1. Looking only at the range 186-226, which residues are touching a residue at least 40 places away in the same chain (Cβ under 8 Å), over 24 Å from residue 473 (Cβ atoms) and either within 16 Å of ligand 2 (Cβ to nearest atom) or not assigned by TED's automatic domain parsing to the domain that holds residue 160 (or both)?
2. Return the only residue of 454, 428 being within 30 Å of residue 391 (Cβ to Cβ), assigned by TED's automatic domain parsing to the domain that holds residue 360 and without any contact (Cβ under 8 Å) to a residue 24 or more places away in the chain.
3. Which residues, counting only those in the range 45-70, are surrounded by fewer than 16 Cβ atoms within 10 Å (Cβ to Cβ), at pLDDT 90 or above and of a type in the set (D, E, K, R)?
4. Looking at the structure I just gave you, is residue 372 buried (at least 24 other Cβ atoms within 10 Å of the Cβ) and in the same structural domain as residue 400 (by TED's automatic domain parsing)?
5. Which residues, counting only those in the range 367-401, are in a strand (DSSP E or B) and closer than 23 Å to residue 537 by Cα?
6. Condition (residue is modelled with pLDDT under 95 and of a type in the set (Lys, Arg)) applied to the range 476-493: is it met by at least one residue?
7. Looking only at the range 194-205, count every residue that is more than 10 Å from ligand 1 (Cβ to nearest atom) and more than 18 Å from residue 170 (Cβ to Cβ) and tell me the total.
8. Just to confirm my filter: which helices (runs of 4 or more DSSP H) fall fully inside the range 1-119 and include at least 3 residues that are among the acidic types (Asp, Glu) and closer than 30 Å to residue 132 by Cα?
Amino acid sequence: MVSNKDLAEKLNNIADILELEGVKWEPRAYRTAALTISSLSEDINKIYKEGKLLSLEGVGKSIANSIEEYLQNGKISKYEKLKEKYPIDFETFRKIRGLGPKRVYALYKALGIRDIKDLKEALENHKISNIEGFGEKSEEEIRKNLQSFMTVKNDRLLLGYVIDYTNLILKKLRNSNVFERVEIAGSLRRRKETIGDVDILAISDKPEIGMDFFSKIDEVTGIVVKGPKKTTVELSIGTTCDIRILSKESFGAAMQYFTGNKDHNVKIRKIAISKGLKLNEYGLFRGKSAIAGKDEEEIYNKLGMEFIPPELRENTGEVEAAQNNKLPKLVSYDEIIGDLHVHTKDSDGVNSLEEMAEAAKKRGLKYLALTNHSKSLRVAHGLDDKRFLELNKKIEKFNEKGSIKLLKGVELEILKDGSLDLKDDSLKQFDFVIGALHQNLNMGNKDLTDRLIKAINSGKINAVAHPTDRIIGQREGLKLDFNRVMEACENNDVLLEIDGYPERSDLPFDLVKKAKDYKIKFSLSSDSHRIEHLRFLEFASAIARRGWLEKKDVINTLGYNEILRLKR
Ligand code: DGT
Ligand code: CA
Ligand code: CA
């Protein structure tokens, strides 16, 4: 069934193209009609059935015909005809901020950009800033707006972008004096890389006032259901948020229940039943009396197991491990003291060496590997041997006085035949070399695996960058034979990277866990391209924890001098 919103969107699409055509009054009429329809409180289908279309403001005979066509067949012939003239995905583009029809048409004329895929490619190749009327700044803006569109486009949002936003909400609630306690639950607490909706749990003895306060904060754009125990709202970031207010006595049980995931919960509940107990969101009960509920850890303990950190609760063996006292002692967030993959403006980053170093120091890091791209990655302005020499001299100079240490690094292209992008001699100048597959990836999985393994076997790289090369919401990871890749890493002491850049989140946690069966260590990174990205390191730590890693498995827990001593 066509909704008012769908119809209004279609009418706006028609107006877009008509405007482009230079048609005089019609676009205006279509927009007025669109506005009327999007703000109607009645369903457009009902109005149509009652024969009242012409009574709507801005709807004349011809627009009424268009509406009728759309409601009946889902298509408007006028629009279909217009679209034949312009093979451009205006519908999607208009959802991206700043990309109105005129600008989209200019992009099409200059670069043949028809859809998001074309636009992305042009951005990657820095082609847009060269078009007349665009420039460096608007290219950057388009990049940003496209990115935020991509985040919202998938129905699941990326952890990296939701978590700061949610923390702001928590802060407001905690500062309100209405709540005794406010915590995150659900997939966000488990630090899953994508988030379906936000779950918040709170304690308050004034639940009505609490829910009123919550539903009025700026981030809330709509209310789905509102009650004193549970309220669901729409958030401006493009998802919904469930908030539940609970009693102190059952808060721990609720934290357990609403953190999930579901399969983990099912297993825990079965264990309760097998012990003659009952577990629900209010507590752990023997008959009618609660034997735990206030404290989450106590629930796990009373069920005969260790406390299970939220990041592990995916039903991948954590329950059995907890019963046998065999849970790993997970690497903690603050044990990660360096970032091993960042870019500066020397290749495709935005900030200078000094700016990156300063920002990393402010975040409390002890060292930072500058790993700019090597020459074959032209789209990223990769550096050749000579330019790396110059840059590395600058790094050495910086290290003489800098209070944070910089590592001379490179994100080195692994070429089509598995050879490396810089000469062996030249590779000696680096402290940390990350091999990466970026180009010529359409060669079949066996050849790709062989190619990567050749690089791993070369003894010239320290780590494999973002090993699957997935981009969440855009492309799936390479289907490499990871058994062979991991075996090669083990044999050559090559690290696997965990890249915390939200779109990448690569290596994915299930492969991290699999890699633990080999004697492989990991390097964590933010893959920063600007200072604001440095916070992504935390998401790499989250993946490490979700992959069961301990301090000894992660080399970012080592000091600068120990990193320098890594074999290569
Ligand atoms: P999401 O929102 O898709 O990223 O994933 P979650 O895990 O946050 O799922 P959500 O928001 O539907 O529910 C939060 C937690 O509450 C979930 O992980 C487990 C628990 N839960 C929700 N519904 C059920 C249910 O029907 N049965 C059980 N056992 N647990 C549930
Ligand atoms: Ca959720
Ligand atoms: Ca939820």
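1. Within the range 186-226, 200, 201, 202 meet the criteria.
2. Criteria check complete, one pass: 428.
3. 49, 50, 52, 61, 68
4. yes
5. 367, 368, 369, 370, 371, 372, 373, 374
6. Among the residues of the range 476-493, at least one is modelled with pLDDT under 95 and of a type in the set (Lys, Arg), which makes the answer yes.
7. 1
8. 4-20
The values are calculated or read from the model by the stated rules, or taken from the named source; none is laboratory data. Everything quoted here is computed from the prediction, not taken from an experiment. Note: ideal-geometry Cβ built from the backbone for every residue, glycine included; neighbour counts use all protein chains shown.
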